[in-house]
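Visitor: Quick one: the structure is below, questions incoming.
The values are calculated or read from the model by the stated rules, or taken from the named source; none is laboratory data. Just so it is clear, the model here is predicted, and its values are computed rather than measured. So basically every Cβ, Gly included, is an ideal-geometry build from the backbone, and we count neighbours across all protein chains shown. SASA here: full protein model, heavy atoms, side chains in, ligands and nucleic acids out. Shrake-Rupley method; radii C 1.70, N 1.55, O 1.52, S 1.80 Å.
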There are 2 protein chains.
Amino acid sequence: MDKLEKYRQIVRDFLTEQVATEQGSAQVECQLIFDGEHDHYQLLDLGWDGLKRIYACYIHIDIKDEQVWIQRNMTEVDVAAELLEAGIARQDLILGLHPPYKRPYTGYGVIAS
Amino acid sequence: MDKLEKYRQIVRDFLTEQVATEQGSAQVECQLIFDGEHDHYQLLDLGWDGLKRIYACYIHIDIKDEQVWIQRNMTEVDVAAELLEAGIARQDLILGLHPPYKRPYTGYGVIAS
């Protein structure tokens with residue numbers, strides 16, 4: 001399996017595991033969004049809690065140029081550590097949640113030149 | 001083309017047109033997310049405006065049981081009217097942004113039984 005396919009599978013497996021830990025309800029749906037065309041991957045909740053609208057993206061991961069970008073993480077899970085453990089190389093993990101100038105100091109990757 | 005494929009194409013075309021009207025920037029990316037496996041479709045902006053993180057889903061549309069759900073619309077576009085005009089039947093358009101008890105009064109669809 002080439003690197004891109006391996007990374008896609010790791011991201012899908014990771015998000016699928018996260019859903020399993022969620023407590024859903026009849027009115028709130030936990031969605032996995034896997035866009036294999038543009039390599040965008042998300043976990044989000046949507047629905048209704050009584051008359052209150054719920055719409056929250058918890059995790060968003062992109063793959064660009066064989067690097068894995070963590071674009072959003074509203075959970076307590078250390079997503080980068082989990083993806084590293086699952087087999088994504090440290091230099092291929094980019095913390096999109098840190099502004100570009102900080103990334104060289106994160107211990108994770110920077111944009112491949 | 002069967003109904004489901006037709007609806008998928010209409011949703012994709014509609015979101016693609018919306019992107020064309022966006023003014024992007026070097027630091028803010030406008031993403032189209034097309035998940036054809038689970039039928040989730042989104043338009044969102046993400047990136048950085050200087051040191052401010054931008055993460056905003058503007059439009060989210062789902063297709064479930066051959067009905068098209070408008071789950072989020074943070075734009076000024078009347079998404080339901082546009083999708084109706086593009087060929088989605090009125091009873092197949094569900095305004096997920098209204099709580100379930102209101103939907104029979106929206107003039108659009110309710111969940112097919």
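Visitor: Can you confirm whether B:ASP2 is surrounded by fewer than 18 Cβ atoms within 10 Å (Cβ to Cβ), within 13 Å of chain A (Cβ to nearest Cβ) and without any contact (Cβ under 8 Å) to a residue 40 or more places away in the chain?
Guide: Taking the combined requirement at face value, the residue does not satisfy it.
Visitor: Just wondering, is there one or more residues in segment B:77-94 that are at pLDDT 95 or above and within 30 Å of A:LEU97 (Cα to Cα)?
Guide: yes
Visitor: Here is a list of conditions, (1) within 14 Å of the chain's Cα centre (by Cα); (2) on the phi < 0 side of the Ramachandran plot, and B:ASP39 meets all of them except one; can you say which number that is?
Guide: Status for B:ASP39: all satisfied but (2).
Visitor: Right, here's the next one. Looking at segment A:82-104, which of its residues are part of a loop (DSSP other than H, G, I, E, B), in contact (Cβ under 8 Å) with a residue 24 or more places away in the chain and open to solvent by less than 60 Å² (accessible area, probe 1.4 Å)?
Guide: Result: A:GLY87, A:ILE88, A:GLY96.
Visitor: Residues that are in contact with a helix residue (DSSP H, G or I) (Cβ under 7 Å, 6 or more places away or on another chain), more than 14 Å from every other protein chain (Cβ to nearest Cβ) and of a type in the set (Lys, Arg): does segment B:86-99 have at least one?
Guide: So far as segment B:86-99 goes, yes, one or more of its residues are in contact with a helix residue (DSSP H, G or I) (Cβ under 7 Å, 6 or more places away or on another chain), more than 14 Å from every other protein chain (Cβ to nearest Cβ) and of a type in the set (Lys, Arg).
Visitor: Yes or no: A:TYR7 touching a strand residue (DSSP E or B) at 6+ places or on another chain (Cβ under 7 Å), within 14 Å of another protein chain (Cβ to nearest Cβ) and surrounded by 13 or more Cβ atoms within 10 Å (Cβ to Cβ)?
Guide: no
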